[in-house]
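Here's the structure, in structure tokens; my notes come after.
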Amino acid sequence: MIKALEYFVEIIKGSLITCRHFIVNMVFHTLKVLGIKTKRKGAVTIQYPEEKKEIASRHRSLHRLMRREDGKPRCVSCMLCVTVCPSECIAVEATEDPDPEIQKIPAKFNIDMSRCCFCGFCVEACPEDAIRMDTAKIEIAEYARKDLIYGLDKLLG
Amino acid sequence: MDILIIVIKIVCALVWFLTLTLYLTWLERKESAVIQDRIGANRANIFGLRLIGLFQPFADAIKMIFKEDFVPPFASKFLHTLAPFLSFFFVAVTIAAVPFGDRLEIGGRHINLQILDLNAGLLFILAMLSLGIYGIIISGWASRNRFTLLGSMRGAAQLISYEVALGLSLIGVIMVYPSLRLQSIVAFQGENLLGWIPKWGIFLQPFGFLVFFFAALAETKRVPFDLPEGESEIIGFFTEYGGLKWGLFMMTDFMEIIVVSCLVTTLFFGGWQVPWMSADGFHFPWGGTWLLPHGIVVLFQLLAFNLKVFFFCWLQILIRWTYPRFRYDQLMDLGWKVLIPLSLINIIGTGIVMGILK
């Protein structure tokens, strides 16, 4: 009987918790409607398309290829990123560069974004610091799959 | 002229009922969101006018109307179509016996603000609410799907475990206010206890209220007692429904909330009575009076009734978003071993107290 009473008390306590949340949040919502600024908000929701969360500086977002000072891509087509990529989404085709110091530049550098798992291994493997994942772009949606294959033009962009 | 008045009353009551039902879906979303520190549905708009999601029920209704009306090929087509209408109908008719207010006097005519002033109005509402189970059983049976049948069987078993307590808990009320006519039950609650406490059912029948409220929560078939449905894990009775027919079942749920709120208000919280207000205005227990014209008094009564009903709708949604579901045997235990003995003790206690006071 005492146990049943304790159970009943706990039930009431549970509803008091939700009731407290309701009242406290409603107070903050009402203050917002009245135009009073408060430090705390009534809801933790971020209204996404209009309001965006700040992306952390270490966040791995859409890739970009870096350029040299003369505008050519830094990439020397060493194929390290292609080798290390766990989802095999990078395809590089090399071509000759007239500069004997560089020797090779990519003729084609495709990343299939539909396969990429954003692990960042390519960035770590790159000896030339030619690929980075710091564009803070995270909305990479397309209507067709072929549009998700990013070539040199988009990556250097 | 009398027929016209009755038609107007029916239309008004139904419009009130259905609008409240629509906006309970909105309230459910918003209230659950506020409880869980979210915002809730606020995107539905008309020409960019959002109004905190107030158009959401209409968006839902349009979506449900334009969905395919699908009947599974193995189902019994007639019964499958009949079931949602049955359960909707039995809840919708209960509004006929709910007293919204006292008599309204217009041009020498007394209009009772209740569609159907039955001598056994309470029994009528309870009977109709219980008949709603037929919609559930038929829907489960006619879908010809084992899981929906199990769901409706759970519904039937739930019905027999709470319905007895629901009826027994009201016997105390009927003993205190010796009538089954809801208008006279409300009228009795206009008097005062010890000169200042309104003679509401909650003060005369606290245990009766508790038992009735638990049993009525089971009646609405929502979360702490949503065994027939079990939307998250166990498969419920309307699995084979879609579109508007499913919408009718969902509306039935919300309408049951309103009916239960109306019943709780009428029986235990004074119905349309405002504390210390009688037909000509306020008579405060400390001696002051504040006389009001008849129209204002009726407005106050309607407002009081609505506020009480809103409060209980709110409370039931709060309960739905607080508790996890009862297990099957726990519900049976609660019904047969706790609620029924409690209500029997309540009847005996009420009888003894009434005998002593007489």
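The values are calculated or read from the model by the stated rules, or taken from the named source; none is laboratory data. Small disclaimer: the values here were computed from a predicted structure and weren't measured. Every residue, glycine as well, gets a Cβ built from its backbone with ideal geometry; the counts of neighbours run over all protein chains shown. With ligands, DNA and RNA removed, areas are computed over all heavy atoms of the protein, side chains included. Shrake-Rupley method; radii C 1.70, N 1.55, O 1.52, S 1.80 Å.
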For the residue pair B:Leu131 and A:Arg67, what label-to-label distance in nm results when each label sits 7 Å from Cα along the Cα-to-beta-carbon direction? 8.0
Label-point separation, A:Ile46 to B:Tyr323 (7 Å along Cα→Cβ), nm: 3.8
Kindly write out, for the range B:339-351 in residue order, the coupling ³J(HN,Hα) from the Karplus curve 6.51 cos²θ - 1.76 cosθ + 1.60 (θ = phi - 60°), rounded to whole Hz, with x marking Gly and Pro. 5, 5, x, 4, 5, 5, 4, 4, 4, 5, x, 4, x
Pairwise label distance in nanometres, B:Val164 with A:Lys53, each label 7 Å out on the Cα-Cβ vector: 5.3
Everything considered on the Cα gyration tensor (a ≥ b ≥ c; rounded for a/c under 1.5, else prolate if a/b is larger than b/c, else oblate), the range A:64-156 must be described as prolate
Interface buried area A-B, accessible surface with 1.4 Å probe, both sides summed, nearest 100 Å², comes to 1500
Full extension between B:Glu231 and B:Arg103 adds, at 0.36 nm per residue less the Cα distance, a length in nm of 41.7 nm
Do any residues of the range A:21-60 show a loss of at least 50 square angstrom of accessible area between the isolated chain and the full protein assembly, using a 1.4 Å probe, and if so which? A:Phe22, A:Gln47
List the pairs from B:Lys245/B:Lys308; A:Lys13/B:Lys30; A:Lys13/A:Lys39; B:Lys67/B:Lys308 whose alpha-carbon separation is above 25 Å, in the order I gave them. B:Lys245/B:Lys308; A:Lys13/A:Lys39; B:Lys67/B:Lys308
Whole-Hz ³J(HN,Hα) for each residue in the range B:156-167, computed from phi via Karplus 6.51 cos²θ - 1.76 cosθ + 1.60 with θ = phi - 60°, x for glycine and proline: what do you get? 5, 5, 5, 4, 5, 7, 9, 5, 4, 5, 4, x
Using Cα centres only, tell me the gap between the range B:251-327 and the range A:105-152 in whole Å. 63
Filter B:Lys9/B:Lys63; A:Lys72/A:Lys108; A:Lys72/A:Lys104; A:Lys104/A:Lys146; A:Lys32/A:Lys53 down to the pairs with a C-alpha to C-alpha distance above 23 Å, please. B:Lys9/B:Lys63; A:Lys104/A:Lys146
Per residue of chain B, what 222 nm ellipticity follows from adding -39500 (n - 2.57) for every DSSP H run with n ≥ 4, rounded to the nearest 500? -20500 deg cm²/dmol
Over the protein assembly as shown, what number does the Rg to Rh ratio reach, with both radii from the alpha-carbon atoms and Rh per Kirkwood? 1.15
Percent accessible area from carbon and sulfur atoms, the range A:64-156, protein chains only, probe 1.4 Å: 50
In sequence order, calculated HN-Hα J values of the range B:179-185 (Karplus, 6.51, -1.76, 1.60; Hz; x Gly/Pro): 7, 9, 7, 5, 4, 6, 4
Among B:Phe209, B:Phe268, B:Gln36, the residue whose Cα sits farthest towards the positive end of the charge dipole of chain B, when +1 is placed on the Cβ of each Lys and Arg and -1 on the Cβ of each Asp and Glu, is B:Gln36
Fully extended, how many nm does the chain gain between B:Lys63 and B:Leu357 (0.36 nm per residue separation, minus their Cα-Cα distance)? 99.9 nm
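How large a share of the accessible area of the range B:183-308, in percent, is made up of carbon and sulfur atoms when the probe is 1.4 Å and the other protein chains stay in place?
C and S fraction of accessible area: 75 percent.
Say R0 is 25 Å: what FRET efficiency, to the nearest 0.05, do A:Cys78 and A:Leu156 get from their beta-carbon distance? Each step should come with its number before you reach the end.
Numbers: r = 18 Å, r/R0 = 0.70.
In this case the efficiency is close to 0.90.
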Under 5 Å between amide H atoms, partner at least 5 residues away or on a different chain: which partners does B:Ser278 have, H built in plane at 1.01 Å? B:His283
Accessible area (Å², per residue) of the protein assembly as shown, counting only protein heavy atoms and a probe of 1.4 Å: 54
Considering only protein heavy atoms and a probe of 1.4 Å, how much of the accessible area of the range A:1-53 is carbon and sulfur, as a whole percent? 70
I'd like the distance separating the alpha-carbon centroids of the range B:162-240 and the range B:1-73, in whole Å. 26
Residues of the range B:1-39 losing 40 Å² or more of accessible area relative to the isolated chain, 1.4 Å probe, heavy atoms only? B:Val34, B:Ile35, B:Asp37, B:Ile39
Estimated FRET transfer efficiency when R0 is 41 angstrom, pair B:Val15-B:Asp37 (beta carbons, to 0.05): 0.75
Members of the range B:307-355 that become less accessible by 20 Å² or more once partner protein chains are added (1.4 angstrom probe, chain alone as reference): B:Trp314, B:Leu318, B:Thr322, B:Tyr323, B:Phe326
Partner aspartates and glutamates whose C-alpha sits under 12 Å from that of B:Lys199, ignoring same-chain residues fewer than 8 away, are B:Glu191
